[in-house]
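Here the structure comes first, spelled out in C-alpha cells, and everything after it is commentary.
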Amino acid sequence: MDFDVSTKRIDLPIVLNVPSLRLLLIHYSRKSEIRMHDQFFEAIKELNVLSLEYFSFRSFPQTMELQKNLLTLNLKSCTDLESISIVGQLLNLQILRCCRCHSITELPAEIGGLIHLRLLEFSYCHCLKRIAAGVISSLVRLEELKMIGSFKGWEAEKNGKEGRNASLNELQSLSNLTCLEIQIGDCTLAAEDIRLSSKIVKYDIIFMGVNFVNTLEKGMHLELPREIRLGNWIHIFLRSTEYLDLKGDGSNSLDLAQVQNIKTFHFHCCSTVKKLVSTKSIDRRFGVFPVLESLTLENLPNLEEICDGPIQAGSNSFSNLKELKISFLSGIKYLWNSQNQNVSLSNLTSIDIWGCNKLRNLFPLKMAKDVLSQLEILACSMMEEVFSNDGEEGHITFPKLKKLSLASLPSLTNLCKGIENIEFPVLTEMQIHRCPKLTSFVSSTDTGNCLHLSCNQKVTFGSLKKLVIGGYENISNLWCHQIPSTGFFYKLERLDINSCGSIRCLFPSSIAANLVNLERLDIWSCNEMVKVIGDDEENVGENSPIFPSLQFMELDRLPNLVNFCGWRCALQLPSLADIVIWECPRMESFTMGSITTPNLKSIKIDSERKDVEDLNGAVQLYFRAKQRDQESAQIEKEQEESNKEVQEDGKHLKVETEEE
C-alpha cells in the first residue's frame, strides 16, 4: 500500500490477491482519496463481509459484482459514493447497511433483487430522495428496515397504482419485520389504513421533523399541524410506544388517556390543547402515566391543567416520574390540584420550570422533597413560593437536593410559607438572580451556614460549592454582621456576584478568611463597589493568606472600584494563576499594601496582557498610563476648543475690519 503524504492519497493494490479472504475491513480515520482499481476484487472469491468507512470514491469497481458470497456490506461516511446499482447483483446479500453517505440520492430498482436481505439500513443519508417503487415490497425476508435521517418521500398508493416513490403499502409485504425505523414527510399519511407485521418489537416512526433523540426501543414522533384522522396502525404503535414526541395543533385530537406505556413524553407547540389528559377515561386501577419517567411540556400557551379531574389515591399516577421540564405554558395556574388529585412524585429528581407566568407554586411540599436533586425555576412572574404548604411546619429537610436555581421571579417571597427552617445537607450549587423579594441572603446560626430569607426563614447548607447571586440593584450588603469565626462556607469553590448595584464592599475580612477552598471569584456589573474586601483588618493576621485556594479571578465592569483589598497588609494569594480586570477605570492599585502571588501566570487588563512579576505594579502602571492618556486627551480637546474660539474671533474681527 502506497501512502502519498503530499496528496493525502492512498493507493490500494491493483488486485487484492487473497483468494480465501472472508472478512475485509478498510477503515480510515480521516477523509482521503483512496484509489480502488477496477480489478481490485478480481482474485477474491470467498468474501463474506466487506466494511468500508471514510472512503472517498464515487462508485464501486466493476469486479465488485464477482462477490457472489458476500453476506454483509457495511458503508459508513463514504461521502462521495453516488451509485450503488452494482450492489443489486450481490444476490446472497443479507445485510446492507449504509450510514452517512451523503451523495447517494436514490435506492435503485436493482436493490429489489436482493431477496435474501434481512437488514436494510440507510440512516442519515440526507440526500436520499427516491426509493424506486416496488423495491421495498420485493424484500420479503426483510427483518429490519432503518431509514431515519434520510428518505422521507413515502407516498400513498392511489387506486392500487404505484407512484414514483415507495409507498407505505409496500410495508405490508414484510411479514417478517421485527424492526421498523422510518421518517415520513407527509403528515396526511398518518390516516392511511395499513396492516403491518405483528412481529415488530422495535420501532421509531417519525412524521415530519425530528425534535428529540429517542434512545428507547419503541418511539413515535408525530408532528400534526392540523387535525386529521389517525389510521389504526398509528393507534397500535401508540398503545405500546415508550417514547412519544408530539408537536402541532393537530395533537389535540389524540386521546392521551390511551397512551399509558410511555416512559418519555415531549409535547410542544400546540395552541389548541387545554388539558393534557382526561382522567374520566382512565382506568382508576392503573392511574395516569404510571410508567412515565420524563415529561417535557413546551410552548402550550392554552394548557390550563395536566389532568382535568380527580386522581384516585394509590393509583400510581406519575409514580415513576423522574424528570419534569415545563416551559412557556402561559395559561397554567397549577400542575396538580392538591385537593382532589392524589399524585405521588416519589421518584422525581429533577424539575426545570421556565416562563409559566400564572403559576403561583409548583405543588405541595410533601410530593417530592425527599428525592429531589435538581430544581431550576426561571421567569415565572406570579410565583410567590416554590412549594405550597399542606400542613407542615417548623423544620424540613431536602436530603438529596444538590442544585437550586431561582431566577427572574419578581413575586417570590420564600420557598414554602409557614416553614421556619429548611436544611439542604448536600446542596453543592445555588443560583439566585433577580428575585427582589428575597431580600436578605446570608446569616449565621449556631448550626453553621444559613441563607436568611425575608420571611424569617433560615436555610441551612453545609456542602455548598458554587454560589451565584445577581440582579439585586438595591441590596447594599449580602452578609449579616454575626458571622462564625470558623467554618463559614468552608467548602465553597466558586462565587459569582453580579448586577448588585448598591454594594460598596463585598466581603468583610472575617468572611474572606473563611473561604479557604474558594477557587474562582467572578464579580461584575456592581456599579457602586469600591473595594472587594473591607478594612476590618483586626479579623485577619498581618501576613495571613486570603483565599489560599483561589486560582482565577475576574473583576468586570466595576466603574467605582478603587482596589481589591481596603487595608494595608501583606496580602497573600498563594494559588492565584489568572486574573482578568475589565473596565475598572478608577482602580488605583490592586491592594494598598504588598502582595505575594507565587503562582501567577497571566494578568489581563482591558484585553492587554501584563507582566506577571508584580500584580500591584502592573495595575498601578496601567491605570496611571490610562489616566495620563485621559488627561492628554482632555488637554487636546481643550486646545482644540480654544483654537476654534480663536478662529471664530479672527473671523469676526475680519468682518468688522471689512465693514469699516
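Some points to look at:
- For region 163-218, filtered to residues that are crowded, with 19+ Cβ neighbours inside 10 Å and charged (D, E, K, R), the residue that is nearest to L139 (Cα to Cα) is E170.
- Taking region 123-148 as the range and being part of a loop (DSSP other than H, G, I, E, B) and in contact with a helix residue (DSSP H, G or I) (Cβ under 9 Å, 6 or more places away or on another chain) as the test, the residues that pass are A133, G134, L139, V140, L142.
- Single residue of region 597-626 satisfying the filter (among the hydrophobic types (A, V, I, L, M, F, W, C) and within 10 Å of A577 (Cβ to Cβ)) that is surrounded by the most Cβ atoms within 10 Å (Cβ to Cβ): L600
- Some residue of region 268-278 being under 17 Å from K218 (Cβ atoms), surrounded by 21 or more Cβ atoms within 10 Å (Cβ to Cβ) and at pLDDT 90 or above: no
- Unique match (being assigned to a loop (DSSP other than H, G, I, E, B), among the aromatic types (F, W, Y) and touching a strand residue (DSSP E or B) at 6+ places or on another chain (Cβ under 6 Å)) among F55, F40: F55
- Answer from K366, K400, K358 - the residue that is within 18 Å of L297 (Cβ to Cβ) and charged (D, E, K, R): K358
- Qualifying residue in region 532-544 (condition: at pLDDT 85 or above and in contact with a Lys or Arg (Cβ under 7 Å, 6 or more places away or on another chain)): no
- Qualifying positions in region 134-167 - modelled with pLDDT of 95 or more and touching a His at 6+ places or on another chain (Cβ under 8 Å): R141
- Residue ID - modelled with the lowest pLDDT, chosen from residues in region 395-452 that are outside any strand (DSSP E or B), in contact with a His (Cβ under 8 Å, 6 or more places away or on another chain) and among the polar types (S, T, N, Q): S440
- Qualifying residue in region 383-395 (condition: within 14 Å of F424 (Cβ to Cβ), out of contact with any helix residue (DSSP H, G or I) (no Cβ under 8 Å at 6 or more places or on another chain) and not hydroxyl-bearing (S, T, Y)): yes
- Just so you know, in region 572-605 the residues that are over 19 Å from I523 (Cα atoms) and more than 38 Å from the chain's Cα centre (by Cα) include one that is modelled with the highest pLDDT, and it is P598.
Residue-by-condition table, conditions (1) surrounded by fewer than 23 Cβ atoms within 10 Å (Cβ to Cβ); (2) at pLDDT below 90; (3) farther than 20 Å from L464 by Cα:
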residue	(1), (2), (3)
I351	yes, no, no
W354	yes, no, yes
K366	yes, yes, yes
Q374	yes, no, no
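- Selection of region 85-103 for residues being crowded, with 22+ Cβ neighbours inside 10 Å and farther than 18 Å from E46 by Cβ yields V87, L96, C98, C101.
- Here Y334 clears all of (1) assigned to a strand (DSSP E or B); (2) over 18 Å from V259 (Cα atoms) except the condition numbered (1).
- There is at least one residue in region 52-60 that is crowded, with 18+ Cβ neighbours inside 10 Å, more than 40 Å from the chain's Cα centre (by Cα) and modelled with pLDDT under 90.
- Scanning region 67-122 for residues that are of a type in the set (A, V, I, L, M, F, W, C), within 21 Å of I182 (Cα to Cα) and outside any strand (DSSP E or B) turns up I84, C101, I104, A109, I111, L114, I115, L117.
- Cβ-Cβ contacts under 6 Å between residues 6 or more apart (or on different chains), taken from a first residue in region 584-606 that is at negative phi to a second residue that is aromatic (F, W, Y), are listed as M587/F623; F590/F564; T591/F564; I605/Y622.
- Residues of region 492-516 satisfying the condition of being within 29 Å of the chain's Cα centre (by Cα) and either within 21 Å of I581 (Cα to Cα) or touching a residue at least 40 places away in the same chain (Cβ under 8 Å) (or both): E493, R494, L495, D496, I497, N498, S499, C500
- Flag for G231 being in contact (Cβ under 8 Å) with a residue 40 or more places away in the chain, buried (at least 20 other Cβ atoms within 10 Å of the Cβ) and farther than 22 Å from G309 by Cα: no
- Positions within region 1-36 being of a type outside the set (K, R), within 38 Å of the chain's Cα centre (by Cα) and either surrounded by 14 or more Cβ atoms within 10 Å (Cβ to Cβ) or modelled with pLDDT under 85 (or both), in sequence order: I26, H27, Y28, S29, S32, E33
- Within region 11-27, the only residue that satisfies the criterion of being charged (D, E, K, R) and closer than 15 Å to M64 by Cα is R22.
- Elements of type strands (runs of 3 or more DSSP E) in region 239-278, at least 3 residues being in contact with a strand residue (DSSP E or B) (Cβ under 8 Å, 6 or more places away or on another chain) and farther than 15 Å from D204 by Cα: 275-277
- Positions within region 175-210 being over 22 Å from S123 (Cβ atoms), outside any loop (DSSP other than H, G, I, E, B) and β-branched (V, I, T), in sequence order: T188
- Restricting the first member to region 101-122 and to residues that are closer than 10 Å to I84 by Cα, and the second to residues that are of a type in the set (S, T, Y) and at pLDDT below 95, the beta-carbon pairs closer than 6 Å and six or more apart or on different chains are P108/S85; E110/S85.
The values are calculated or read from the model by the stated rules, or taken from the named source; none is laboratory data. Since the model is a prediction, treat every value here as computed from it, not as a measurement. Cβ sites come from the backbone with ideal geometry, for glycine too, and all protein chains shown count toward neighbours.
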